[in-house]
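The values are calculated or read from the model by the stated rules, or taken from the named source; none is laboratory data. Since we're looking at a predicted model, the values are computed, not measured. Cβ placement follows ideal geometry from the backbone for every residue including glycine, while neighbour counts extend to all protein chains displayed. Ligands, DNA and RNA are excluded from the accessible area calculation, which covers all protein heavy atoms including side chains. Shrake-Rupley method; radii C 1.70, N 1.55, O 1.52, S 1.80 Å.
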Amino acid sequence: MKLKRNIAHSDSGFVFDPNTGDSFSTNPIGIEIIKMLKDGKDINEIRAAMLKIYMVDESAFEKDYYDFITMLSKLKLTEDEPKEKN
């Protein structure tokens with residue numbers, strides 16, 4: 001799953017799509033995930049980082065992660081459709 005290259009974001013949670021002029025907000029964890037996606041990280045790398053940093057079990061992370069990337073896709077911020085769960 002890739003974000004569109006031109007999607008802008010700030011550390012305060014602001015996400016901007018210059019193609020449409022739409023802006024969105026997300027929480028700090030959402031911004032961390034967006035940064036990792038923009039850096040080309042895959043689900044396994046993102047999962048490992050989140051499980052190391054936050055006290056969350058793997059199944060809760062995966063549910064929240066897939067909900068989040070589905071939302072990004074619905075907002076047309078991605079280049080690809082969300083992939084099947086690993």
Cβ-Cβ under 9 Å pairs, at least 6 apart or on other chains, the stretch 45-68 side closer than 18 Å to residue 2 by Cα, far side of a type in the set (S, T, N, Q)
47/86; 62/86; 68/26
Does the stretch 16-34 contain at least one residue that is free of Cβ contacts under 8 Å to residues at least 24 places away in the same chain, of a type in the set (D, E, K, R) and loosely packed, with under 11 Cβ neighbours inside 10 Å?
no
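Listed here are the residues, each with its yes/no results for (1) in contact with a strand residue (DSSP E or B) (Cβ under 9 Å, 6 or more places away or on another chain); (2) surrounded by 13 or more Cβ atoms within 10 Å (Cβ to Cβ); (3) at pLDDT 95 or above; (4) among the acidic types (Asp, Glu).
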{"site": "38", "(1), (2), (3), (4)": "yes, yes, no, no"}
{"site": "43", "(1), (2), (3), (4)": "no, yes, no, no"}
{"site": "46", "(1), (2), (3), (4)": "no, yes, yes, no"}
{"site": "55", "(1), (2), (3), (4)": "no, no, no, no"}
{"site": "68", "(1), (2), (3), (4)": "no, yes, yes, no"}
{"site": "79", "(1), (2), (3), (4)": "yes, no, no, yes"}
{"site": "82", "(1), (2), (3), (4)": "no, yes, no, no"}
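Filter the stretch 57-66 for residues that are of a type in the set (Asp, Glu) and either in contact with a helix residue (DSSP H, G or I) (Cβ under 7 Å, 6 or more places away or on another chain) or open to solvent by less than 80 Å² (accessible area, probe 1.4 Å) (or both) and give the result. Even if it seems obvious, please write down each step before you answer.
From the stretch 57-66, those of a type in the set (Asp, Glu) are 57-58, 62, 64; that's our starting set.
Result: 58, 62.
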Filtered residues of the stretch 1-26 (kept if under 11 Å from the mean Cα position of the chain (by Cα) and in a loop (DSSP other than H, G, I, E, B)):
1, 2, 26
